[in-house]
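Right, one structure below, let's go through it.
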Amino acid sequence: MNTPVKKQIHLAAHFPGVNATTVWADPRSGSQIDFSSFEHLARTAERGLFDFFFLAEGLRLREHKGRIHDLDVVGRPESITVLNALAAVTDRLGLAATVNATFNEPYELARRLGTLDHLSGGRAAWNVVTSSDAFTGENFRRGGYLDRADRYTRAAEFVAVARELWDSWDGGGAPRPFAHSGRHFDISGEFGVRRGPQGHPVVIQAGDSDEGREFAASAADIVFTRHGTLAA
């Protein structure tokens, strides 16, 4: 008789933000932007022994023919800022921020995520997403967009650079100079945040395209798919 194999389930709580599933008519649903709403869900998830709390990202309000979608009028706050606040009101819950690798820069983002890892005692995670949307790109100085292949090439180099930065402090707590020269990034200096409690924030990737799956296989610790979540 075969012995059943025990498997561990990891649970995540998702605060969707602005869409048809969260903007309810019932006043008990609360605000979609007040901190109390985020705190309530995070505390509830932690009491329920969930593994992490996940925030999505929206870099531009959606519109059609010049009119903002009604479901977007509340906006969506910046994920890492919210999670830094939640670090103070939770103890064990992982804190995962969705942050775009197309319209950010490695040093700045690695610093923000490293700070979250310290403030949370080693509970930071980064859901890496990309964008080929010129509509979103209008909000940024670089503007424009990247072709599908280029955005994943940039994302892979982005994650590699972030890990170089997190690793640039030695075991004694002293910074070492870093230098990176690649196709998308050419930076050097000293990283301003010492290595976090968990070394690297957990890296998550969501995407079902061929390029997204290849990127996830090479760079991610956790993969979101339409069939579920896979942990490496």
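Computed values, structure above
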{"item": "Qualifying residue in segment 179-198 (condition: more than 20 Å from the chain's Cα centre (by Cα), within 29 Å of Ala56 (Cβ to Cβ) and small (Gly, Ala, Ser))", "result": "yes"}
{"item": "Residues satisfying the stated conditions in segment 33-62, i.e. within 10 Å of Leu93 (Cβ to Cβ), open to solvent by 70 Å² or more (accessible area, probe 1.4 Å) and assigned to a helix (DSSP H, G or I)", "result": "Arg43, Arg47"}
{"item": "Subset of segment 165-179 [surrounded by fewer than 17 Cβ atoms within 10 Å (Cβ to Cβ) and either without any contact (Cβ under 8 Å) to a residue 12 or more places away in the chain or closer than 27 Å to Ala217 by Cβ (or both)]", "result": "Asp167, Asp170, Gly171, Gly172, Ala174, Ala179"}
{"item": "Given (1) under 19 Å from Ser31 (Cα atoms); (2) of a type in the set (A, V, I, L, M); (3) modelled with pLDDT under 95; (4) open to solvent by less than 80 Å² (accessible area, probe 1.4 Å), index of the condition Val73 fails", "result": "(4)"}
{"item": "Subset of segment 113-129 that is within 11 Å of the chain's Cα centre (by Cα) and not aromatic (Phe, Trp, Tyr) - its residue that is modelled with the lowest pLDDT", "result": "Val129"}
{"item": "Residue list for segment 183-197, filter: in a loop (DSSP other than H, G, I, E, B) and open to solvent by 90 Å² or more (accessible area, probe 1.4 Å)", "result": "Arg183, Glu190, Arg194, Arg195"}
{"item": "Test: Leu146 is closer than 27 Å to Arg92 by Cα, of a type in the set (A, V, I, L, M) and either open to solvent by 20 Å² or more (accessible area, probe 1.4 Å) or at pLDDT 95 or above (or both)", "result": "no"}
{"item": "Members of segment 91-118 found to be surrounded by fewer than 21 Cβ atoms within 10 Å (Cβ to Cβ) and assigned to a loop (DSSP other than H, G, I, E, B), listed by number", "result": "Asp91, Arg92, Phe103, Asn104, Glu105"}
{"item": "Residue check for Ala216: modelled with pLDDT under 80 and among the hydrophobic types (A, V, I, L, M, F, W, C)", "result": "no"}
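The values are calculated or read from the model by the stated rules, or taken from the named source; none is laboratory data. All values reported here derive from a predicted model rather than from experimental measurement. A quick note on method: Cβ atoms are made from the backbone with ideal geometry, for glycine too, and the neighbour counts reach across all protein chains shown. To get the accessible areas, we keep the full protein, side chains included, count just its heavy atoms, and leave off ligands, DNA and RNA. Shrake-Rupley method; radii C 1.70, N 1.55, O 1.52, S 1.80 Å.
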